[in-house]
Amino acid sequence: MFWTVLQYIGLFTSFLYLWLEFHQKPVMWIVSAACSAIYASIYCHAQIYGDMSFSLFNICMCAYGFWKWRQKHKQGLTPSAEPSAEKTISYRHFRLGEFGIVTLVTAAIWFALFVALKYLTDSPVPAIDAFTTTLNIVGTWVLAQKIIEVWGYWFLVNLVSIYLYCKRGLHITTILLYVFYLAASIYGYIKWRRRGVPMSYS
């Protein structure tokens, strides 16, 4: 009963975070950290240790993000007060060599996480858990580079996560949340393609 209620709370905080992100409210970082803490507990209970570790890592990223936004606020440049009211979405594609390197790094991270989960934990799904965690880590870097193929990473992560969470018996609320994320990854790609401006290679 406790874990079911916790997943309902996680669902609510996830949607609250998305709403705050759409409106660029600094409090979104606090809500995101709370959401990550909730799901870290849920993943630990379900023995999904890779996703649990990434949730804990995300709490640190939220602290950094909140600090950065607070710094902008002190300088009189809050996200809502930035010069351009309409922000242009800029993106680029993977370079061929760059994609090859990222793929090799992805494989190396997956192997390291798989070995750690298989031999250092009691995870019943080390390969899949390592896979979703690896794509989350690499996808975060790809997003920071404004590479449009990141939406393919998010689509794959969410698709595999739905299977993983069904397999581990998580509550329907968590599964439906990732179904929503799956649709959001398609929407994000379409939005970038339609409204975005490709960056030129230097």
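The values are calculated or read from the model by the stated rules, or taken from the named source; none is laboratory data. Just so it is clear, the model here is predicted, and its values are computed rather than measured. Neighbour counts are summed over all protein chains in view; Cβ atoms, including those assigned to glycine, are modelled from backbone coordinates with ideal geometry. Heavy atoms of the whole protein, side chains included, go into the accessibility calculation; ligands, DNA and RNA do not. Shrake-Rupley method; radii C 1.70, N 1.55, O 1.52, S 1.80 Å.
List of remarks:
- Residues satisfying the stated conditions in the range 82-102, i.e. open to solvent by 60 Å² or more (accessible area, probe 1.4 Å) and either part of a helix (DSSP H, G or I) or at pLDDT 85 or above (or both): HIS93, ARG95, LEU96, PHE99, ILE101
- Residue in the range 154-173 that is of a type in the set (Val, Ile, Thr), at pLDDT below 95 and either part of a strand (DSSP E or B) or open to solvent by 40 Å² or more (accessible area, probe 1.4 Å) (or both) present: yes
- Residue within the range 61-75 that is closer than 30 Å to ILE172 by Cβ, open to solvent by 60 Å² or more (accessible area, probe 1.4 Å), modelled with pLDDT under 90 and assigned to a helix (DSSP H, G or I) present: yes
- Residue check, ALA112 open to solvent by less than 30 Å² (accessible area, probe 1.4 Å) and modelled with pLDDT of 90 or more: no
- Total residues in the range 19-56, condition without any contact (Cβ under 8 Å) to a residue 24 or more places away in the chain and either assigned to a helix (DSSP H, G or I) or open to solvent by less than 20 Å² (accessible area, probe 1.4 Å) (or both): 14
- Among residues of the range 134-157 that are farther than 24 Å from VAL115 by Cβ, those with a Cβ under 8 angstrom from a residue that is open to solvent by 60 Å² or more (accessible area, probe 1.4 Å) and among the hydroxyl-bearing types (Ser, Thr, Tyr), sequence gap 6+ or separate chain, pair up as ILE148/TYR189; TRP151/TYR189; GLY152/TYR189; PHE155/TYR189.
- Each residue in the range 1-14 was checked for being open to solvent by 60 Å² or more (accessible area, probe 1.4 Å) and in contact (Cβ under 8 Å) with a residue 40 or more places away in the chain, and 2 pass.
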